[in-house]
Amino acid sequence: MQGLWAFALLSGVGVLMAQITWNRMLLLIAGGSVDSTAVVLSAFMLGLGLGGKVFGGLAQRSSNPLGVLKLAAMGTALGSLIPLLLEPMMEGVYPYFYSSGLQFPARFLSAVLMVFPAAFCAGGIIPSASRLVQGPRGRRTASGLYGLNSLGSAIGGFLAGFVLLEAVGTAPTLLIGAVLLVAGLALVKGGRVEPDRVVKGIPPGAFHLVVYAAGGCLALGYETVWSRQLTFVLGNSTYAFSTMGIMVLLGIGLGGWFGRNLALRVKSPLALFGTVQVLLAVSSVLPLSALRSFGAVAALTGGAGWAAGTAGGFLASFLYMLPSTFLMGVTFPVMLSVCAREDRLGEDVGKLSLANCAGAAIGPILATRVLFLHFGVTNTAMLLAFGSILTGLACFIRARRFSGLPGGLAAAAMVYFLVVTSRPPGSEPPGGMELLYFNEDRTATVAVFGREWDGYRSLRINGVEEVPIDQPSLEAFYMLGHLPWGYNPGARTALAVALGGGITSGAMLTHPIQSLTCVEICPGVSEALQFFALENRRPDLDPRFTLVGDDGRNYLLGMRETFDLIVCDATHPGSSESWLLYTREFYSLVLKGLSTRGVAAQWVPLHQLPPREFHRILTTWALVFPHSAAHLAGGRHVILIGSPDSLVLSVESMFASDEAAEQLGSVAFSLREPLYLRPVLDSDGMREAMSAGPAPNTDHRAFCQFIRRWAPDDPQATITPNVALLFSFSSLSPDPVQMSQMVYWNGSIPGAYSLLEGVYGVMASRWRSVALTSAAEVLYDGGSPTEAVQFAVRAAAADPLWTRPERLIAYMESGLQETE
């Protein structure tokens, strides 16, 4: 059969390009929560399994098995385009399910309708191809086709995740994948097909199907664990998750290819399957004990920039996952040697595919909804490893190879030791800080780190710092919470997208709104609010506050009510789960969710954000909202304001309550200096920025999803250029404080201080103290404690209302006394 090898490779490329694109499209409907991700993956695996069973049996019975293969391939190519047609319809239907409280069924239905048809056909490709190669060497050839198909999938993952989605968007990526499938099919030429004859081998029995299903369930469980653990090495960008997926498929492909010979050489393939499961258990938890070393591995490629960092990420993922995924790939050829008949290969491969994929469909849901919930991520890795060992022991007993039992028990002991002696990823404090709170919640790993001497705290979600307690960050949190009220003092209902440390929600509740609904994709973060009580005023204890565990976009898509205020405090647009909160379609959902005079606000970070992409976000926002504005906070944050009605800011209203005035005053906002609360860009400036701006971010061409490629190594390097861009569209010029902030974030502390000499005002005093305090810390860390104390004393004198300089003085003086 000519061209079958090339087809196996190209079909893998095309199917994975489609799967990655489907996942991205389904995020827009079903949301980005851990439940939604698990449902989408489960629907895909279930489709593969059922398709394998149906097409495998059909190919076995058909007098034209090549025609069955062509049917499966063409069905996959055409089915991959179905989401393009169904997505608008699902967006219209989804709210009816959501408002009825049927969110989980609605997500599953969305996934089934959009993914299942193509997945069903794709599942038939390898079983149908196996029928074409059945015979004395058929199992070896089928294993090779499986391995090559998986390697093609790795290539497809790279093309979609690193090239095509960024370069051309979703629809062209799907079309290219479909074309590759058809092109690969065109290479297959009819040849002699081995007829059914004397059957050699045994068919898959109940035991074989159960252990193979268990292997699939455990494999997808491991992958769910790795996606959390490796985030602490690779970060949470789109590229990071693409890297992990590519490494999984690469390992499976290599394992399937090399395992085709190994499986034929052993006397007891079932015992070998058991051995692979035991080795998989150890290899899957062994990297946990060396996880801290992988951060250094990511830098081994040398050089700087995105390319070197990405190469390092590939290397880290390779070392972390390849041993386990290689063993996963080996299980397919081994199981074919155990229970696939040479002359019923299409039928038996289809049965095995159904068992394995059905187990795989359960794996992510079992991991996220049960094991993560009750045991945490790290202990889940141990439980999954025990499951692999039990599967291996069952195979030893069934094969009557009792000599393998001691090895399995020894592996169990090793797994237990490796897990209990390892620190859970994300629990190790940064230098000079201590761990205050840690929870491997089923939706995210949440940690709070603190520093005793100045009361500094940092909330980190999956290893990414989301809430630092410092002057510029608090300016942004408070401005985000109080500004919308200043634009709409009569507001009664409010919606906050993302809780974080609760500081913005707490600020909103200092005003007389009647209700605040906060939608948080990681609701477990609410348990950490107690560590930010001074700043957030515990919004979770306010009867007006309601926390909803969901994806913010999904909530807005599903709910039909409107709000007077909508505040979006999403994470960085370069994060894998936040890009969809910076698109034109999401902003349209926000606008639709506003009442007639409602006001929306969104936080935009200026660090690690190339100026062109910051300009694109401004353009996208101004394109949607009839009236808009942009405010600068802390010199490194921007707050966007939008409304269907004209915007008039009442700074006095922001200070109307004693609690609000106290909060704003704590970070040096003052009624006497309204400049720092007024917009840098009004609606005219935003329209000018839009007219000169690049193409907007859209759901199907979200440039912000890929900004990590273009961001400089120094995360602060984009701040000053972005502020300069903001002022370039403004009728205002930066005042001395804003100029000082630009110089400060550009790395010149002395220059920042010199710009404020002789400048009077509350905010000027605060930032003069910030500059002097930073200089004191640099001197102290550099081994000049006496000079450091002198600078800290000057910082305390510059702003007596800011307590941090006094704390720094006490800390440094205690260090000097210990030295003496």
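The values are calculated or read from the model by the stated rules, or taken from the named source; none is laboratory data. This is a predicted model, so every value here is computed, not measured. Cβ atoms come from the backbone with ideal geometry, glycine included; neighbour counts cover every protein chain shown. SASA here: full protein model, heavy atoms, side chains in, ligands and nucleic acids out. Shrake-Rupley method; radii C 1.70, N 1.55, O 1.52, S 1.80 Å.
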Review point. Going down the table (Lys53/Lys267; Lys267/Lys351; Lys53/Lys200; Lys70/Lys189; Lys70/Lys351), which pairs top 22 Å between alpha carbons?
Key: Lys53/Lys267; Lys267/Lys351
**Study point:** For the chain: accessible area per residue (Å², 1.4 Å)
**Key:** 36
Review point. What is the spin-label model distance, in nm, from Ser515 to Asn379 if the labels are put 7 Å beyond Cα along the C-beta direction?
Key: 3.7
Check your understanding: Rounded if a/c is under 1.5, else prolate if a/b beats b/c, else oblate: with a ≥ b ≥ c from the C-alpha gyration tensor eigenvalues square-rooted, which is the range 541-659?
Key -> rounded
**Study point:** Whole-Hz ³J(HN,Hα) from phi, Karplus 6.51 cos²θ - 1.76 cosθ + 1.60, for the range 696-711, glycine and proline x
**Key:** x, 6, 10, 4, 9, 8, 8, 4, 5, 5, 10, 5, 4, 5, 9, 6
**Study point:** Potential extension, Leu732-Leu675 segment - 0.36 nm per residue separation minus Cα distance
**Key:** 19.5 nm
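Rounded, prolate or oblate: which fits the range 467-601, taking a ≥ b ≥ c as square roots of the Cα gyration tensor eigenvalues, rounded meaning a/c under 1.5, else prolate when a/b beats b/c?
Because its axes are fairly even, with a/c under 1.5, the range 467-601 counts as rounded.
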Exercise for review: Highest first, please rank the peptides 90-96, 503-509, 107-113 by the mean number of other Cβ atoms sitting within 10 Å of their residues.
Suggested key: 503-509, 107-113, 90-96
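For Val93 and Lys592 in the same chain, what is the full-extension length gain: residue separation times 0.36 nm, less their Cα-Cα distance, in nm?
Details: separation 499, 0.36 × 499 = 179.64 nm, distance 1.66 nm.
My answer for the length gained is 178.0 nm.
Assuming R0 = 51 Å, what is the FRET efficiency of Val778 and Ala290, from their Cβ-Cβ distance, to the nearest 0.05? Don't jump to the answer; show the numbers that get you there.
On the way: r = 34 Å, r/R0 = 0.66.
Efficiency, from the Cβ-Cβ distance: 0.90.
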Review point. Relative contact order for the range 655-745 using alpha-carbon pairs under 8 Å, separation at least 6, rounded to a whole percent?
Key: 31
Practice item. Could you run the Karplus curve 6.51 cos²θ - 1.76 cosθ + 1.60 with θ = phi - 60° over the range 387-397 and give me ³J(HN,Hα) per residue in whole Hz, x for Gly and Pro? Key: x, 5, 5, 4, 4, x, 4, 4, 5, 4, 5
Point to revise | Among beta bridges that DSSP assigns inside the chain, antiparallel share in %, nearest 5 | key: 65
Exercise for review: Beta carbons within 10 angstrom, averaged per residue: use that to sort the peptides 422-430, 473-481, 677-685, 551-559, highest first.
Suggested key: 473-481, 551-559, 677-685, 422-430
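Between Gln2 and Lys267, what's the calculated FRET efficiency when r is the beta-carbon distance and R0 is 35 Å? Round to 0.05.
0.50
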Review point. Efficiency by 1/(1 + (r/R0)^6): what FRET value for Arg423 and Gln530, r their Cβ-Cβ distance, R0 = 22 Å, to the nearest 0.05?
Key: 0.40
Practice item. Output ³J(HN,Hα) for the range 247-254: one whole-Hz value per residue in order, computed from phi by the Karplus curve 6.51 cos²θ - 1.76 cosθ + 1.60 with θ = phi - 60°, and x for Gly and Pro. Key: 5, 4, 5, 4, x, 5, x, 5
Revision key, fill the gap. Counting sequence-distant residues (5 or more places) and residues on other chains, those with an amide H built under 5 Å from that of Leu609 are Thr718
**Study point:** Inter-label distance, nm, simple model (7 Å from Cα along the C-beta direction), Leu816/Ala171
**Key:** 6.9
Exercise for review: Heavy atoms only, probe 1.4 Å: what % of the accessible area of the range 122-165 goes to carbon and sulfur, would you let me know?
Suggested key: 64
